[in-house]
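The values are calculated or read from the model by the stated rules, or taken from the named source; none is laboratory data. This one's a predicted model, so the numbers in the text were calculated from it and none came from an experiment. Here the Cβ positions follow ideal geometry from the backbone for every residue, glycine too, while neighbour counts run over all protein chains shown. SASA here: full protein model, heavy atoms, side chains in, ligands and nucleic acids out. Shrake-Rupley method; radii C 1.70, N 1.55, O 1.52, S 1.80 Å.
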Amino acid sequence: MGGALVSCRPVPSLRFQSPSPQLISTEEDAKADSQGKSFYGYVYDHKDCSRRLLETCYDKRRDMRSLGCAKRVVGGAFSEHEDIFTEGENTIITRFIEAKNAYSSWMGMSISGGVRLRRAKMQKVVQPVIDAIRETFLHEIDLYLKHFAGVLSNRANILKWNLQKNNCQHFNEMLLKDLSITLFLHRVPKGFFDNENLRKEKIWPHPRYCLSFGADIDTPIALLRPQTRSIIWNFYHKKRDYCDIIEFGEMFRTKLCEMPTESWEVLDGIDDGDTRSMPLVDALWSIPRDSISILQTHLLRHSFRYSTEDGKALSELQWYENRLRIFHQLDVFLSLSGALVKTLLEESIEKQHLLPKATFMNATTFGTLHATEKFRTPRVFGYELPIISFLSGRERDWNKRAIEHNFRKLRKKVS
């Protein structure tokens, strides 16, 4: 949960559209799908009755280009960070495999000749998967959905698009406001460290996730500790000429750039036998918020936005390899996140006497830290002074890279 889609054009009303094909479950859905239509939901303020209404309809399917995805929250499903969900996750995977095997005999059926029968068969075989997901994650998903529904139904929250006051970023921040994602790691209920039964409870008052990067996309003012190594920060603050984040990042590899970032090693040359490349784990973990945002952006892009090294269109096999590679990197990132959360929780349980001295990391502050940076809050008589804090590792690196950049420019002119 928590991706922020940044549209390259304004939309007249709020539309809910999945970037991937939806699950067709009714005869009417199947008929609309065969006609190139999708199911939409519109939330709007009625001009006569002073009420906020939700209207649903089938409309012609539209391909909407996204400039990028700024990930705010990394969920914990299938990361094994919570033992209470392990059995349910295994059941979901088992039922998914069973559904795939049951449906494989229908894959060769002509869509034009039997689309309704095909969709009915699909619904029948995937229903056990849906039931398993509902049984395992119903409460966790409800926490988010009820929050979003409350925000959208609140007439104090403006839905009309405005470039300055309610653009895509502002609207996303409004959706996440007051959601319990303010800590880098999720909250735990009171008595969690002393009560083993409480730790095994499936229902908590707050959502459980792996990592949170805060509600804001980044610092609104460049003077407030800008993370210049972040592609998200650069993309947010610099001229980009309507290119998406992936295209914007290519400039950091193809042109002389003062602020290159390791996160772009995720794009190419990772673990491909090239000893000069950064290992996958190091690249993904240099700035976690950037890495997961880059990967999520890849999932939103169409195949025509990719090409081979010699500029040709990808073959079907190359496109599948592209998608599998992204899924693999997402799995590695989620495994790292889950391992980190689980380790810290278990360490806290074993060493509870150190908890009074522990710092609970703020998502906005720690969500954009580079792996080489350190953030320290001073203590007086054992109490933290949150107003005063020290960040080390950013300014020195900034100056170092600026000098190296100027040196490269000079060497290029001389040569």
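List, please: which pairs have Cβ atoms under 8 Å, are six or more places apart or on different chains, and start with a residue in region 359-374 that is assigned to a helix (DSSP H, G or I) and end with one that is acidic (Asp, Glu)?
Sorted first by the residue in region 359-374, then by its partner, the pairs are 364/216.
Just checking, which of 114, 191 is over 25 Å from residue 345 (Cα atoms) and either at pLDDT below 90 or not in a loop (DSSP other than H, G, I, E, B) (or both)?
114
Being assigned to a strand (DSSP E or B) and under 21 Å from residue 249 (Cα atoms) is the filter here, so list the residues in region 59-78 that pass it.
66, 67, 68, 69, 70, 71
Residues that are of a type in the set (D, E, K, R), open to solvent by less than 40 Å² (accessible area, probe 1.4 Å) and in contact with a helix residue (DSSP H, G or I) (Cβ under 6 Å, 6 or more places away or on another chain): does region 202-213 have at least one?
no
Within region 311-358, restricting attention to residues that are more than 25 Å from the chain's Cα centre (by Cα) and open to solvent by less than 70 Å² (accessible area, probe 1.4 Å), which residue is nearest to residue 380 (Cα to Cα)?
Checked region 311-358; the qualifying residue nearest to residue 380 (Cα to Cα) is 358.
Collect the residues in region 35-45 that are at pLDDT below 85 and open to solvent by less than 70 Å² (accessible area, probe 1.4 Å), keeping them in residue-number order.
36, 38, 40, 41, 42
Identify, please: which residue in region 59-85 is over 30 Å from residue 339 (Cα atoms) and touching a Gly at 6+ places or on another chain (Cβ under 8 Å) and is, among those, surrounded by the most Cβ atoms within 10 Å (Cβ to Cβ)?
Top of the filtered list is 61.
Here is a check on your reading of the model: is residue 151 assigned to a helix (DSSP H, G or I) and without any contact (Cβ under 8 Å) to a residue 60 or more places away in the chain? Spell out the reasoning first.
Working: assigned to a helix (DSSP H, G or I): yes; without any contact (Cβ under 8 Å) to a residue 60 or more places away in the chain: yes.
Yes.
Answer yes or no as to whether residue 120 is within 30 Å of residue 50 (Cα to Cα) and open to solvent by 40 Å² or more (accessible area, probe 1.4 Å).
No: the conditions fail for residue 120.
Across region 305-319, what is the total count of residues that are outside any loop (DSSP other than H, G, I, E, B) and either under 24 Å from residue 71 (Cβ atoms) or in contact with a strand residue (DSSP E or B) (Cβ under 6 Å, 6 or more places away or on another chain) (or both)?
Step one: filter region 305-319 for residues outside any loop (DSSP other than H, G, I, E, B), giving 305, 316-319.
Now narrow it down to the ones that are either under 24 Å from residue 71 (Cβ atoms) or in contact with a strand residue (DSSP E or B) (Cβ under 6 Å, 6 or more places away or on another chain) (or both): 305, 319.
Of the residues in that region, 2 qualify.
So that you can scan it fast, the table gives a plain yes or no per residue for (1) touching a Lys or Arg at 6+ places or on another chain (Cβ under 7 Å); (2) farther than 24 Å from residue 50 by Cα; (3) surrounded by 13 or more Cβ atoms within 10 Å (Cβ to Cβ):
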residue: 133; (1), (2), (3): no, yes, yes
residue: 143; (1), (2), (3): no, yes, yes
residue: 161; (1), (2), (3): no, no, yes
residue: 166; (1), (2), (3): yes, no, yes
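Can you tell me how many residues within region 44-58 are in a loop (DSSP other than H, G, I, E, B) and of a type in the set (S, T, N, Q)?
1
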